[in-house]
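The values are calculated or read from the model by the stated rules, or taken from the named source; none is laboratory data. Quick caveat: nothing in here was measured; it's all calculated off a predicted structure. Virtual Cβ from ideal backbone geometry, glycine too; neighbours counted across all protein chains shown. For accessibility, only protein heavy atoms count, side chains too; no ligands or nucleic acids. Shrake-Rupley method; radii C 1.70, N 1.55, O 1.52, S 1.80 Å.
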Amino acid sequence: MSAPSLMAKAPLVVIDLQTGMFDGRHEPPIHDAPAIAERARAVIDWARRGGRKVAFVRHDGPEGDPLAPGEPGWPVWPALGQADDEPTFAKSVRDAFSNPAFGDWVAGQGDGGVVILGAQSDFCVAATVRGAIARGLGVTVVSDAHSTLDSASESAERIIARHNDEFAEAGVNLVTTKVLVGG
């Protein structure tokens, strides 16, 4: 589907695009990290231009984890340019809707849908997509603006493609950055 099929004011949800996903200090950066950051920034700018709300979801890992609160990998990746009025919702499990404040924020946007991008495709992105569907929300995933790491048995590229197929089978609207932002 193309960008015009999106709900008019569905908010953009940026999942777990934290410093630790890009800096390579504790594990490799997510697949295609520079391009993911560039596409995420383009979608964030698109959302702002269109008057859509933007929220960031941040994974709070346990003590000692690279994504634990206060660790260098924990903050939202600064290159995304999060605005002061754009909320950050913490979570400690995969589904962002596990944080009731996040679910209330999405419901408060009044559109009945969300646009999702972020990391990791096979963990927090997939769980949040399922959480949104379970709540009856219309879901759009920016198909080229979510990423992950290679697993022991599958490349990140394959994991991303497989999840895009699974999202489509679940009724998710998939759209590329280029189609969405009109570039």
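For this structure, a couple of remarks:
- Take the Cα of residue 162, step 7 Å toward its Cβ, do the same at residue 92, and the gap between the two points is 2.9 nm.
- Here the contact order of the chain, divided by its residue count and restricted to Cα pairs under 8 Å and six or more residues apart, works out to 27 percent.
- Accessible surface for segment 12-181, divided over its residues, is 44 Å² per residue with a 1.4 Å probe.
- The portion of the accessible surface of segment 8-136 made up by carbon and sulfur, rounded to a whole percent, is 51 (1.4 Å probe; DNA, RNA and ligands excluded).
- A Cβ-based charge dipole, computed about the Cα centre of the chain with Lys and Arg at +1 and Asp and Glu at -1, lands at about 660 debye.
- Under Karplus coefficients 6.51, -1.76 and 1.60, residue-wise ³J(HN,Hα) of segment 113-123 in Hz, glycine/proline x: x, 9, 10, 10, 8, x, 9, 9, 3, 8, 10
- Each DSSP beta bridge with both residues in the chain is either parallel or antiparallel, and the antiparallel ones are about 5%.
- For the chain, calculated [θ]222 nm from helices alone, where every DSSP H run of n ≥ 4 adds -39500 (n - 2.57): -9000 deg cm²/dmol
- Note on residue 9 and residue 101: the extension gain reaches 31.2 nm, defined as 0.36 nm multiplied by sequence separation minus the Cα-Cα distance.
- Theoretical gain in end-to-end length, residue 45 to residue 155 [0.36 nm per residue, Cα-Cα removed]: 36.6 nm
- Ranked by how many other beta carbons lie within 10 Å on average, peptides 173-179, 150-156, 99-105 from highest: 173-179, 99-105, 150-156
- Options 173, 93, 149, ranked by Cα towards positive dipole end of segment 12-181, top entry (Cβ charges): 173
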